[in-house]
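Here the structure comes first, spelled out in C-alpha cells, and everything after it is commentary.
None of the figures in this text is laboratory data; all of them are computed from the coordinates on show. Since the model is a prediction, treat every value here as computed from it, not as a measurement. Glycine also receives a Cβ, built like all others from the backbone with ideal geometry; neighbour counts cover every protein chain displayed.
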Amino acid sequence: MDPFVRLRSVACALPQINIDTDQVFPARFMKEPRTAPDGYSPYLFHDVRRSPQGALDPQFPLNKSSNQGAGIIVARRNFGSGSSREAAVYALVDAGVRCVIAPSHGDIFAANAVNNGLLPACIDESHTEALLALLERGGVEVEIDLDSCRICVGTQEFNFEIDPVWRIRLLNGWDDIDMTRRFTDDINAWSMHDAKLRPWAQLSANPTSG
Amino acid sequence: MTFKSVHGLQGPQSLFDNLWNSHVIAEREDGACLVWVDRHYLQEGSFHAFNKIRTRGERVARPDLTVAIADHYVPTRGRGAAQGPLALNAELARMMDQLTTNAREFGVRLYDMNHPWQGICHVVGPELGMTLPGTLVVEGDSHTSTHGALGAWAFGIGASEVAHVLMTQTLWQKRPKRMRISVEGRLADGVTAKDMALTIVALVGADGAVGHIIEYAGSAVRSLSIEGRMTLCNMSIECGARCGMIAPDESTLKYVQGRPFAPKGVEFDRAAEQWLALASHRDAPFDREISLQASDIVPTVTWGTTPEDALPVTATVPDPTRLTDLLSKAEHVRDAIDYMGLSAGMRITDISIDRVFIGSCTNGRIEDLRAAAAVLSGRKSKVPGLVSPGSTLVKIQAEQEGLDRVFTAAGLEWGGSGCSMCVAMNGDQLEAGQRCASTTNRNFKGRQGKGSRTHLMSPAMVAAAAVAGRLVDVRQLMLGNV
C-alpha cells in the first residue's frame, strides 16, 4: 500500500448527512469484477449523480467541471454508513479519491478505507460547515497533512482527528497481513491453548442432522 | 515497534470485556489487538477476498472454522425438486458457481442453493448451532451483528478483512467503547422487537453508536425470544454500532441445546457454565448508558431514507420548515420527503403502498412468519407481495405449520430462502417509484431497486399494511377499526 503523508487536491463538497454505501456504490454492480482499467470508478455514486432517465445531473457536485479530478470529498455526518461493501471504497479509490472528510464515518467504511489507503478524516460539525462553505464555488484546492493532522484551504486551517493506529498505518503504508505474519508463533500457541480452554468453540466436522 | 504482553483489565467486567479478553492474542504498543476469530461465514460477495488470497498464493488458514453459504444472489422463485431444474439467469448462475468454485478450491464447507441447510447466513448460523455464545463471529456483511443475540461478539467486515481472516483466522481490532441500552418493563400487545429496534435507532441516531458496541439489557430485552433478540441485535449497525449483544441466559441455553453443531451432553454443560459467566458484572462500567421504558414503545415505521427516520405509525411526516435549528437535518428531511413522494405533515396512515415484502435476516425467522400469518389469516392482501423465509429449514417448518397456505390464500407469493428483496441483488426488486412495506433493515435510496421507496416495520405491521393497502396500526386492524 502506498504511504499517505500529504495530499493536495481539489475537494468536492457533498453536503448531505448519512451518505450510505448503497448510494456510493449501488448493489446491482457488486457482481462485476474490478478488472477494467478504470476499476469501479464508473459506478461511483452511479444513481445519485444521474437523473431518473440516466443522464448525468449537472447540479450534482462531482459532475461539475470545476470538481473534476477531486481527490478529496467533504460530507456531513455518517459518511459511508450501512452495508460493509468494500466496493464503495474501491470505487472512490479507483476514481482518485484519497480522503473523505466528515464529522463521522461508518465504522466498517472507515476500516475498509484505511485498508485501501484512503484517509477517513474527522472534523467537528462547525468546521465541516465552514469547510463546506469554502468549497461551495467548486474547484477549490485543499491540502491535507496527515503527520500534523491539519487541513489547509488558502489561509484557513482546520485540525482533524484519526485513530492513532490508523494514522501510523497510513503514514507507513503498512499492510495488516505483513504485520500479522510476525505473530504466527503467538497465534499458533494461543489457539492450541484456547482449544483446551474452550473445546466447544471448535466446529464439528460431523454435525447431527436432527 | 515493541509489543507488550496481554493482560486482562482490572475491575468488574462487562459482557464485551469478557468476550474481548477471551479472544485477544497479542496487543501492540499502539493499542491495536490481534483477536482470534471462531466463526467466519462467507457469501457470494466474498469473491474479492478469494481473489486477493489467490493473488498472494496463500491458502485458508482454518477451513474448518469457515462456512460458505449462498444467500445474496440466490433466486427465491422456481427452486425445489418438484419444480424441476431451474433455468438460472446467467449472472446469478455465475455468482453461485464462483462461490462453489472458491469453496471447493480452498476446502471450505459450502451450503449452496440446493443444500437443505441453505439460508441467510444470519439465520442459518444460530439455527444450526454454529454460532454459539462466547464466540467471535465475522462475515463480509454488516448485519453479522445479528449473532450477538446469543452472547457472541459478532460484526461485519470488509473484503480486505475477509481476506485477512481467511489467511490468518485473526483480525486487528481497536478496543471499542461500550454502550448499554436498557429497556425495562413489558412490551404492549402488538409491539415487537422490531418496534423496539426502530425506536432505538430513531433515538440514538444513525451514527449515534459509531465507535461503540451495544449491550442490550433490561427486563424487556430478557423477555424477548432468541428470535426477537436477533431482530434487535441485527439493527445495531443502523445506529452505527458494528455489533450488538445480549448476555447468554437460560433462554439462550434452551435455544442452543440440541442444535446440529452445538456441544452435546457433558460438553454442553461445561460450555453452558462458561457462557453464563460472560454476563456483565453489576458494577461493570459503560461509556454510555441509555434507558427506555417498554411501555413507551408503540408500532413504529420509517417514513424517510435512513432507518433513523422512524416514527410511531400514528405520527405525521416531519415538516422541514419546523426544523430551523438544524439546517442539515431540515435539508435531509426535504430531500427524503421528495424522494419518498410524500408531503410534510401528512398522516403516516395515509401512505398507500404498492407491494409488501416479508423476510430477511431481520425478520425472516419462524416467529416472524407466524406473526405475519396471524394477521393475514382469513384476510386478503390488497397489494402483491413476496414472503421469503430466512432459511430452508424455516421454510420447511412454516409449511408444516400451514403458514405458506395462509400467505398464498391472502394473495402473497411464497418463495425460497435468501436475502431477496432486502438487498435486491437476485432480481427480486421494486420498480422505480414503487412503495413497499417491508420487514427488512434499510430504507436507503434505491435499496430495493433503483428508485424504490421502502417503509420498514415489523412482520405484523407489514401484514396489516397488506390488508389495508396502506400503512396502518396493526392493533387497530385487529380490533376491526380499519
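What nm value, rounded to one decimal, do you get for the distance between B:Arg59 and B:Glu399 when each label is placed 7 Å out toward the C-beta?
Between B:Arg59 and B:Glu399, the simple spin-label model gives 3.9 nm.
Taking B:Lys445 as the anchor, which aspartates and glutamates have their alpha carbon closer than 12 Å to its alpha carbon, excluding any fewer than eight residues away along the same chain?
In chain and number order, the partners are A:Asp20, A:Asp22, A:Asp47, B:Asp335, B:Asp338.
For B:Ser219, project a label point 7 Å along Cα to C-beta. Then give me every residue of the stretch B:171-192 with its amide nitrogen under 15 Å of that point.
Within reach of a label on B:Ser219, which here means backbone N under 15 Å from a point 7 Å along Cα→Cβ, the stretch B:171-192 contributes B:182-188.
Compare the peptides A:66-73, A:22-29, B:36-43, A:1-8 by average per-residue count of other Cβ atoms within 10 angstrom and give them in order, highest first.
Taking the mean over residues of other Cβ atoms within 10 Å, the ranking is B:36-43, A:22-29, A:66-73, A:1-8.
Give the order of B:Ile213, A:Ile168 when sorted by the count of other beta carbons within 10 angstrom, beginning with the fewest.
The most exposed by this proxy come first: A:Ile168, B:Ile213.
Calculate the translational D of the stretch B:39-290 in whole µm² s⁻¹ from Stokes-Einstein, where the hydrodynamic radius comes from the Kirkwood formula applied to all Cα pairs, the temperature is 37 °C and the viscosity 0.692 mPa s.
Here the translational diffusion coefficient equals 171 µm²/s.
Let me check against my output: what whole-number percent is the relative contact order of the stretch B:301-478, with C-alpha pairs under 8 Å and at least 6 apart?
Here the relative contact order equals 27 percent.
How big is the gap, in Å, between the Cα center of the stretch B:16-52 and the Cα center of the stretch B:147-222?
Here the two parts' Cα centres lie 17 Å apart.
What is the set of long-range amide H partners of A:Lys64 at a cut-off below 5 Å, with H atoms built 1.01 Å from backbone N?
Placed amide hydrogens put nothing under 5 Å from A:Lys64.
Let me know the mean shielding of B:322-331 by other chains, meaning the per-residue number of their Cβ atoms within 10 Å of its Cβ.
Per-residue shielding by partner chains comes out at 2.
Just need the relative contact order of chain B here, percent rounded to a whole number, with Cα pairs under 8 Å and 6+ apart.
Normalised by residue count, the contact order of chain B is 17 percent.
Given the rule -39500 (n - 2.57) for each run of at least 4 DSSP H residues, summed and divided by the residues of the protein assembly as shown, what is its mean residue ellipticity at 222 nm, to the nearest 500 deg cm²/dmol?
Per the formula, -8500 deg cm²/dmol.
For B:Arg334 and A:Arg137, FRET efficiency with R0 = 30 Å and r from the beta-carbon atoms, rounded to 0.05?
Computed FRET efficiency for A:Arg137 and B:Arg334 comes out at 0.85.
May I ask you to order A:146-159, B:446-459, A:47-60, B:463-476 by the average number of other C-beta atoms within 10 Å around their residues, highest value first?
B:446-459, B:463-476, A:146-159, A:47-60
Determine, for B:Met478, B:Met235, A:Met30, the number of other Cβ atoms within 10 Å of each Cβ, and report the residues in order from fewest to most.
The fewest-first ordering by Cβ neighbours comes to B:Met478, A:Met30, B:Met235.
For B:Arg470, enumerate residues with amide H under 5 Å from its amide H, sequence gap 5+ or separate chain, H modeled in the peptide plane.
B:Ile353
For the cross-link pairs B:Lys177/B:Lys254; B:Lys194/B:Lys380; A:Lys31/B:Lys450; A:Lys196/B:Lys264, which exceed 22 Å when the distance is taken from alpha carbon to alpha carbon?
Long pairs (Cα-Cα over 22 Å): B:Lys177/B:Lys254; B:Lys194/B:Lys380.
Would you mind checking the tilt of helix A:125-135 against the longest principal axis of the Cα atoms of chain A, expressed as 0 to 90 degrees and rounded to 10?
For A:125-135 against chain A, the angle is about 50 degrees.
How many partner chain Cβ atoms sit within 10 Å of a residue's Cβ in peptide B:157-170, on average, as a whole number?
6
If amide hydrogens are placed 1.01 Å from N in the peptide plane, which non-local residues have theirs closer than 5 Å to the one on A:Asp57?
A:Arg50, A:Ser51
With N set to the number of residues, divide the alpha-carbon radius of gyration of the protein assembly as shown by 2.2 N^0.38 Å and report two decimals.
0.91
Tabulate in residue order the Karplus-calculated ³J(HN,Hα) for the stretch B:244-256, using 6.51 cos²θ - 1.76 cosθ + 1.60 with θ = phi - 60°, rounded to whole Hz; enter x for Gly and Pro.
Along the stretch B:244-256, the couplings run x, 8, 9, 4, x, 9, 4, 4, 5, 4, 5, 5, 6 Hz.
At 0.36 nm per residue, minus the direct Cα-Cα distance, what do B:Glu184 and B:Arg322 gain on full extension? Give it in nm, one decimal, please.
Extra length available between B:Glu184 and B:Arg322 comes to 46.4 nm.
Using a 10 Å cut-off around each Cβ of peptide A:165-174, what is the average number of partner chain Cβ atoms that fall inside?
Mean shielding by partner chains, rounded to a whole number: 2.
Measuring from label point to label point, each 7 Å out along Cα→Cβ, what is the B:Asp296 to B:Val266 span in nm?
Label-label distance for B:Asp296 and B:Val266, simple model: 5.1 nm.
In percent, what relative contact order does chain A have, based on Cα pairs under 8 Å that are 6 or more apart in sequence?
Reported as a whole number, the value is 25 percent.
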